[in-house]
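Heads up: the structure comes next, in structure tokens.
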Amino acid sequence: MRDADPSTNEREFLLAALKDGARIDGRKFYDFRTLRLTFGAEYGAVEVQLGNTRVLAKVSCEVIRPYTDKPTEGFLMFNTELSPMASAAFEVGRQTDEEVLVSRLIEKAMRRSRALDTEGLCIVAGEKVWSIRVDIHFLDHDGNLVDAACIAAITALLHFRRPDVTVVGEDVTIHTLEQRNPVPLSIHHIPICTTFAFFNNGERMIVDPTFLEEQVKEGDMTVTLNVHKEVCALSKAGGIPMEIDQILQCTKIAVVKVAEITAQIQAALEADAKKR
């Protein structure tokens, strides 16, 4: 099953509003929807609400043997699940193109940009390392899953605490939360995705498209940056061609948005730490 395409009236109304310099939900072109972060009782559980799009991220860890060619590197894995609960377009056990795109973008943004210090996950070189797994569940789909998933994943990693470990010779002791305070992960930087949608042959450009805007768009592009203005990833899967000036303009807008979202994430983490 797939979601019904927007009606002709919906499409024409949205495009007419964009041509007049407005969006149907009242936002300006470069505004994100309201972002809410809710932390679970356990470390590493975060629910992100971006407008009506909701994503839940849960981090877990286990001790495994490293690869022989990388004896001191731990693992960071992502698992995305798009279920019919989020949208009728998704089916259980069948990956859609959107799910593949989202999972690849998260991989690029987090793992390839070396956001997490994987060497810091080593317990005993060549024998034992931590494997960190991030499960991302999509609860409601109202557009821009990539940005919501990226915010959920990095916030969950920042919030997560792994058990403390004592190594004496070849003996490894993993302490419970009652015995010792858990240890935060070593995060090098905070990559944040900013997705743009294009209309009217690229003349109109908006940030954080809703589901209806995604259905009507002529193309999109996702820029992943951190607060240091470093480009971690850039993805453009099809759609209309773009000029270099447009890409540069997108990155300049993304720099501002990334700074705002990073500040909000850090404020939410500090507020949660005071409650615990």
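Compute the long axis of helix 145-159 from its Cα atoms, compare it with the longest principal axis of the Cα atoms of the chain, and write down the angle in degrees, 0 to 90, nearest 10.
Around 20 degrees separate the two axes.
Pull up all non-local amide H partners of ARG162: gap of 5 or more, or a different chain, and H-to-H distance under 5 Å with H placed in the peptide plane.
When sequence neighbours closer than 5 places are left aside, the close amide H contacts are VAL183, LEU185.
Give me the aspartates and glutamates in straight-line cross-link reach of LYS257: C-alpha distance below 15 Å, same-chain residues under 8 apart excluded.
ASP31, ASP147, ASP208, GLU230
Going by alpha carbons, how many degrees (0 to 90, nearest 10) lie between the helix axis of 244-275 and the longest principal axis of the chain?
50
Is there a pair in LYS58/LYS128; LYS19/LYS108; LYS108/LYS229 whose C-alpha atoms are over 26 Å apart, and which pairs would that be?
Distance filter (> 26 Å) returns LYS19/LYS108.
Rounded to the nearest 500, what is the 222 nm mean residue ellipticity of the chain from helices alone, with -39500 (n - 2.57) per DSSP H run of 4+ residues and division by all residues?
Helix contribution divided over all residues of the chain: -9000 deg cm²/dmol.
Where does each of 185-191, 17-23, 149-155, 28-34 land if you order them by average Cβ count within 10 Å, highest first?
Listed from highest to lowest mean packing, they are 149-155, 185-191, 28-34, 17-23.
Using alpha-carbon positions, what is the distance between the centroids of region 157-200 and region 46-65, in Å?
12
Tell me the per residue accessible area of the chain using a 1.4 Å probe; a whole number in Å² is fine.
Per-residue value: 51 Å².
Which percent, nearest 5, of DSSP beta bridges in the chain are antiparallel?
The antiparallel proportion sits near 85 percent.
Averaging over all projection directions, find the projected area of the Cα convex hull of the chain and quote it in nm² with one decimal place.
Projected area, direction-averaged: 16.3 nm².
Take GLU42 and THR176, extend 7 Å from each Cα along the Cα→Cβ direction, and tell me the distance between the two endpoints in nm.
Simple spin-label model gives 1.6 nm for this pair.
Going by alpha carbons, how many degrees (0 to 90, nearest 10) lie between the helix axis of 8-19 and the longest principal axis of the chain?
90
Taking all protein chains as present, what is the carbon and sulfur share of the accessible area of the chain, in % to the nearest whole number, probe 1.4 Å?
Of all accessible area on the chain, carbon and sulfur atoms account for 49 percent.
With θ set to phi - 60° and the Karplus curve 6.51 cos²θ - 1.76 cosθ + 1.60, what are the ³J(HN,Hα) couplings of region 23-38 in order, to the nearest whole Hz, using x for Gly and Pro?
Listing the rounded values in order: 10, 5, 9, x, 7, 7, 4, 9, 9, 7, 6, 4, 9, 10, 10, 10 Hz.
The values are calculated or read from the model by the stated rules, or taken from the named source; none is laboratory data. Predicted, not measured: the structure shown is a model, and the values here were computed from it. Here Cβ is always computed from backbone atoms with ideal geometry, including for glycine, and neighbour counts include all displayed protein chains. The accessibility values were calculated without ligands, DNA or RNA, using every heavy atom of the protein model including side chains. Shrake-Rupley method; radii C 1.70, N 1.55, O 1.52, S 1.80 Å.
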